[in-house]
There are 4 protein chains.
Amino acid sequence: MKAVRLHGYHQQPVIDEVPEPTVSGPHDVVVKVGGAGVCRTDLHIIEGQWAEAMGVGLPYILGHENAGWVHEVGSAVTNVAVGDTVILHPTPTCGLCRACRAGNDMHCIASEFPGLSRDGGMAEYLLTSARACVKLDPSTQPQDVAALADAGITAYHAVRKALPLLYPGTTCVVIGAGGLGHIGIQCLSALTAANIIVVDRNANALKLAEQLGAQHTVVSDGGQVDAVKDLTGGDGAEVVLDFVAEQGAENDGFAMTRRAGSYFVIGYGGTLTIPTLDVISTERNIIGNIVGTYNDLAELMVLAEAGKVTLHTRTYPLADAQEALHDLDAGEVRGRAILVP
Amino acid sequence: MKAVRLHGYHQQPVIDEVPEPTVSGPHDVVVKVGGAGVCRTDLHIIEGQWAEAMGVGLPYILGHENAGWVHEVGSAVTNVAVGDTVILHPTPTCGLCRACRAGNDMHCIASEFPGLSRDGGMAEYLLTSARACVKLDPSTQPQDVAALADAGITAYHAVRKALPLLYPGTTCVVIGAGGLGHIGIQCLSALTAANIIVVDRNANALKLAEQLGAQHTVVSDGGQVDAVKDLTGGDGAEVVLDFVAEQGAENDGFAMTRRAGSYFVIGYGGTLTIPTLDVISTERNIIGNIVGTYNDLAELMVLAEAGKVTLHTRTYPLADAQEALHDLDAGEVRGRAILVP
Amino acid sequence: MKAVRLHGYHQQPVIDEVPEPTVSGPHDVVVKVGGAGVCRTDLHIIEGQWAEAMGVGLPYILGHENAGWVHEVGSAVTNVAVGDTVILHPTPTCGLCRACRAGNDMHCIASEFPGLSRDGGMAEYLLTSARACVKLDPSTQPQDVAALADAGITAYHAVRKALPLLYPGTTCVVIGAGGLGHIGIQCLSALTAANIIVVDRNANALKLAEQLGAQHTVVSDGGQVDAVKDLTGGDGAEVVLDFVAEQGAENDGFAMTRRAGSYFVIGYGGTLTIPTLDVISTERNIIGNIVGTYNDLAELMVLAEAGKVTLHTRTYPLADAQEALHDLDAGEVRGRAILVP
Amino acid sequence: MKAVRLHGYHQQPVIDEVPEPTVSGPHDVVVKVGGAGVCRTDLHIIEGQWAEAMGVGLPYILGHENAGWVHEVGSAVTNVAVGDTVILHPTPTCGLCRACRAGNDMHCIASEFPGLSRDGGMAEYLLTSARACVKLDPSTQPQDVAALADAGITAYHAVRKALPLLYPGTTCVVIGAGGLGHIGIQCLSALTAANIIVVDRNANALKLAEQLGAQHTVVSDGGQVDAVKDLTGGDGAEVVLDFVAEQGAENDGFAMTRRAGSYFVIGYGGTLTIPTLDVISTERNIIGNIVGTYNDLAELMVLAEAGKVTLHTRTYPLADAQEALHDLDAGEVRGRAILVP
């Protein structure tokens, strides 16, 4: 089959012909890929940022955001059958550790991360496990929802964690209205009555944000912290969801929170530099976020099927993976780029 | 009356003769001070760290950790009467703002902070308000409990916030077994079955920590992060309560947390420097903490009256305030120094 | 002034001429009433159901759901001024007890309940306290929002408590689409993506429910439990909000919950009869609800000012109080009846 | 092998010779039983109370509270190996449904309940699944801990749910200091600083309760509700844990709760009869409880291994099952009866 493989850090992945995966263990599931999202993390992978943490050998297939149809199942798989339309939780988990037994799939001590720690879904077929499969309505087109598998679940997970803080009268700042952010805005609109302020340096992204439910938008041109303060009576926001967290956004984000507020770090790349006096004198929190639970993904698919979260996507043939990565890096993708094998 | 007043930053406070305070508003309460705790924050005040945040005019009376007996009450005070033994929440609050109406006294938008923003309790009498008074059993000696008013409430508040994370089988690291830390250890012992590891550079403090319920102690001599990792199977702790948060402790503390763990900042003085990748890849949290609610203080007094939290104190006459501050700064106070007017 | 007073149980209240109230305590506030809601509780009061619990002497003025303009304030009132438009939390509270200090106004140990335990707002003027006043935008018409003071806060409080249970994919049944229920439906629509099923015996009420956001409606004609089961795949709902809780609804409501579900009792009058085996074998909960917190009311007013909760009201002159009570009792009021002095 | 089988309702189970179970599915685990607890639910099963709910065919082997050593494992079992000492969660679960994915094992839609819905552990060997096995220190004696598998997990689960309500200064009433209750008291002592009042009709049970940490005991002789009120300043308790919930305890329990309090139903057999007015006017809750999660059991084993929960047991040879059931029914077992094959 055709697959998009990374052969070396700081160089572009290429299209290789590789063998199709097959089931071996009782919970294995092979999925025929219908759509594979292209994510900023793919750029970070290529830059080598995840090399040490994941320790994966090169070459390997990229793609951690996948949906498709079940192609083959192991002997103990009961929750899906060949032909089912599925979206895949990014981390096949063990189901037996404390984290799995508490529903915190993203903290499984024995999970894998296809596309980061082993072959991913930028290919015709993908090997995953029964525990990663969320069954969808058969009318769903995988390429329409694939980006929910990682961008979506990550945005939803952060929003869901923030919900108890976002009662009527509060403000939520969203930094970055791109692939994750534009989903986060829709989740906020569907699940809260909070005042939403979106900060981005791209005017088109802000225009999309308004259409998706933002009450206010702020161009990130140097005055963004002051602008947020002005929009919140000088106080700042109860919650800031930072989908960027690099190039200065990470310190802006904390500065935009009000007393007792919480700064949710979702993007990455920058470095927080914060005096502990600032943390304690106002009792503010910095909340880490990564991916989400299996149930998060299932809940998000309910929102998607109800039309409350719709993805803005741009599809590319699998063979055009390099172009998709380039467009993302150049800031030319509104919403999410999707490879279609 | 005699009072300990600060006349300039970076210089020692002195004993002045000043007029006694009197009630003017309907909720005013004047308390005859029975004990006034000496806190690391007093050292920070003298160093000018709080000057900008508080904007108080000099000279003024120090002392934000007070207990005593009600001496005079305003016309609308119904919860205490002259002669009652009381411990004082550090911030007299308005009772009308959103934070007060949610029980979050420490975030009142119109609170004062005697000893930081106006005259405090290192004096014979202190002006406070009805909403700050927690009534105690008349047999209680104010000098025995005064340190619970700030050191105690702050430690208890952080522990109480951490409780849902500290189920049986988890580990809590306490950095700093001094004035706040030795109370925090007792609160943890009284309210959780968690494994408690205490980190301090002072061997005597660690000895006290063991007596108060620590399962393990670690000398802070450079290898403390590795030592905590070793004691937790290589993972780190679910919760770290950092009562120091300066001189490197602030980055140690984050490094000691495990995946999905939470680092509670309670002390201050240092600066966090943390890549956002480290925050998100392990989904860890940094939690700010300051003082606590009125109900926190009332709950802590229940523990104290039941003998589950006992203070290790060293009393000084009011006139020896400089000596007490010196001893604290020199690390020569085990537990808490208390001025007795 | 004119006032609607109850002189005896099981008889209609009458319009009396009584003296206007005046401020005496420092926190007293006299409000010129702009709208006073007529509630099913008023019918229950007349029937004597609250006589024992409240122990109020007759005659007294009914009306526990009020909004208007500040007319006179006590010496210590700082949060409102004469002329301000206000809606009133139903229970002026002490601000000093454990419940008040935790934000649970409805459990204040020293609260009063004008209209139940002392003179209420079906009059030209009402005596309340500073702690009951929520300041509104001056353009707000009190008669448009008065019903939010009790019907609204009660419905909102129950919905807010249920929110953590109502993630996407869950179902919430609302029993009773009347004064409280039609507000509850709007709060659910504004704050959740849950599937809403409304049960009522009145077809017009169900029609209104659909307009307000119900996905499904069920006529309460004997087959309502089965109908809810059918609409939920045979399982029942995660949450049932019962705004009736009498005449059989109280046992229907529990029967409509699914395994691990919660039945919220908001209306009253009936008697639960439930085997403990049914409670434990499915681990279901029965949750009591009454009024709500001051902050609940403030949050609800944010929804109202944003147009997310709009009241369906029918106004009557104060002199027509008997007619309004009659119409309510006869089931002829869609939404809420409001007396306008 | 020898097994205790029920052949008909309302008659005693008998010792039969039956074939040993063997593994067939990939997750199957056969355990050599080291201890099987005898529970009041066994009496209820014999009385036919669970017949309809479980729909199990007779005869079948009783015993839902088991610990032992792994004897044989299926091909996909990775978490335990032959020879491991294990305690068994009572319900082998699917690991794939919403409830399992949220950690709520007791609400698995495809679980079984050995001893209730299929052959249980009052036998030499028991068939269970990998997901039910909690691995123990090899020095643990199964007969010493078996009762934690059901009595223990059920008591712990209820206590853990109540923890957020039991801050210092609150009171928890425990009704019934028998098999479950005496574990519940120890969990409360280990995890809270609440005031514990134990109600039982047996003086010996109350004596044990005092040794385990109860501050007060009340003989259940008709005046128990008044006695609890007297011990709580007339208010009642924040939390009541009712391990009986039959023969009148179920209505006592609700009557013992204070305003905003919660009544936890854990035992069963009686019928609640409660006016909805009483539920709403004081905003009290009735909380169902059953068994607990896998993690609950793992946490409880931490308390047990630390010596914070110790079982009071009386062992019987498997052949004396009828005698053990008789003694339990006659109220002659302090703590828990354990069959040892």
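The values are calculated or read from the model by the stated rules, or taken from the named source; none is laboratory data. Nothing here was measured: the structure is a model prediction, and the numbers come from that model. Positions of Cβ are generated from backbone atoms using ideal geometry, with glycine treated the same way; all protein chains shown enter the neighbour counts. Accessible surface is based on the protein model in full, side chains and every heavy atom, while ligands, DNA and RNA are left aside. Shrake-Rupley method; radii C 1.70, N 1.55, O 1.52, S 1.80 Å.
Assorted remarks:
- Of all the options B:Val302, B:Val159, B:Val240, the one that moves most in a Gaussian network model of chain B with Cα springs shorter than 10 angstrom is B:Val302.
- Taken residue by residue and averaged, Cβ atoms of other chains lying within 10 Å of the Cβ of A:252-262 number 2.
- Rolling a 1.4 Å probe over the protein heavy atoms gives segment C:153-288 an accessible area of 30 Å² per residue.
- Each label point was placed 7 Å from the Cα along the Cα-to-Cβ direction; for B:Arg98 and A:Ala255 their separation is 2.3 nm.
- Chains D and B together bury roughly 1000 Å² of accessible surface, counting both sides and using a 1.4 Å probe on protein heavy atoms.
- Long-range amide H partners of C:Asn285 with built H, under 5 Å: C:Gly261, C:Ser262, C:Tyr263, D:Gly288
- Heavy-atom accessible area, 1.4 Å probe, ligands and nucleic acids excluded: residues of segment A:71-98 down by at least 20 Å² from chain alone: A:Ala76, A:Asn79, A:Leu96, A:Arg98
- By accessible area with a 1.4 Å probe, ligands and nucleic acids excluded, highest first: order of D:Ser262, A:Ser189: A:Ser189, D:Ser262
- Taken as Cα centroids, segment B:171-227 and segment C:34-82 sit 54 Å apart, rounded to the nearest whole angstrom.
- Peptide D:163-172 - average C-beta neighbours from other chains (10 Å radius): 5
- List of segment A:295-325 residues, accessible area with partners at least 30 Å² below that of the chain alone (1.4 Å probe): A:Asn295, A:Glu299, A:Val302, A:Lys308
- Summed side-chain charge close to A:Ala193 - residues other than A:Ala193 whose Cβ falls under 14 Å, Lys, Arg +1, Asp, Glu -1: -2
- Point-to-point label distance, D:Arg314-A:Leu43, nm (Cα→Cβ direction, 7 Å offset): 7.3 nm
- If R0 is taken as 41 Å, the Cβ-Cβ distance between D:Val14 and C:Gln247 corresponds to a FRET efficiency of 0.25.
- Formal net charge of residues neighbouring A:His44 (Cβ-Cβ distance under 11 Å; K, R +1; D, E -1): -3
- Once the Cβ-Cβ distance of A:Ala53 and C:Ala330 is raised to the sixth power relative to R0 = 60 Å, the FRET efficiency obtained is 0.30.
- Selected from A:Asn289, A:Asn104, A:Asn79 as most flexible by GNM, with chain A as the system and alpha-carbon contacts under 10 Å: A:Asn79
- Between 0 and 90°, nearest 10: helix D:203-212 axis offset from chain D longest Cα axis: 80 degrees
- Build a GNM of chain C with springs between Cα atoms under 10 Å apart, and of C:Leu62, C:Leu208, C:Leu126 the one that fluctuates most is C:Leu208.
- Only lysines eight or more places from B:Lys161 in sequence, or on another chain, were considered; those with a Cα closer than 27 Å are A:Lys161, B:Lys135, B:Lys207, B:Lys229, B:Lys308, C:Lys161, D:Lys161, D:Lys308.
- Label 7 Å beyond Cα on the Cβ vector: D:Asp16 copy-to-copy distances, nm: 5.9, 7.7, 9.1
- Three-way shape label, segment A:256-334, alpha-carbon gyration tensor, a/c 1.5: oblate
- Percent accessible area from carbon and sulfur atoms, segment D:144-263, protein chains only, probe 1.4 Å: 44 percent
- Residues of segment C:272-290 that lose at least 50 Å² of accessible area (1.4 Å probe, protein heavy atoms only) when the other protein chains are present, relative to their chain alone, are C:Leu272, C:Thr276, C:Leu277, C:Ile280, C:Glu283, C:Ile286, C:Gly288, C:Ile290.
- In chain D, the sites counted are GluC sites (Glu not before Pro) in DSSP loop states with at most 13 other Cβ atoms within 10 Å, and the longest stretch holding none of them, exclusive of the sites, is D:48-331.
- At R0 = 25 Å, FRET efficiency that the Cβ-Cβ distance of C:Gln211 and C:Glu323 yields, to 0.05: 0.40
- Local electrostatic count, C:Asn295, Cβ distance below 14 Å [Lys/Arg +1, Asp/Glu -1]: +3
- In sequence order, calculated HN-Hα J values of segment C:91-96 (Karplus, 6.51, -1.76, 1.60; Hz; x Gly/Pro): 10, x, 10, 7, x, 10
- If you sort B:Val228, C:Val23 by accessible surface, 1.4 Å probe, largest first, the order is C:Val23, B:Val228.
- Amide H contacts under 5 Å for C:Leu272, placed H, 5+ residues apart: D:Ile274, D:Thr276
- Between copies, the label points of C:Gly222, set 7 Å from Cα on the Cα→Cβ line, lie 4.6, 7.7, 8.7 nm apart, reported in increasing order to one decimal in nanometres.
- Nearest-first distances (nm) between copies at B:Pro59, label 7 Å from Cα via Cβ: 6.7, 8.0, 9.4
- Accessible surface of segment D:17-130, 1.4 Å probe, proportion on carbon and sulfur as whole %: 51 percent
- Cα gyration tensor, segment B:153-288 - rounded (a/c under 1.5), prolate or oblate: rounded
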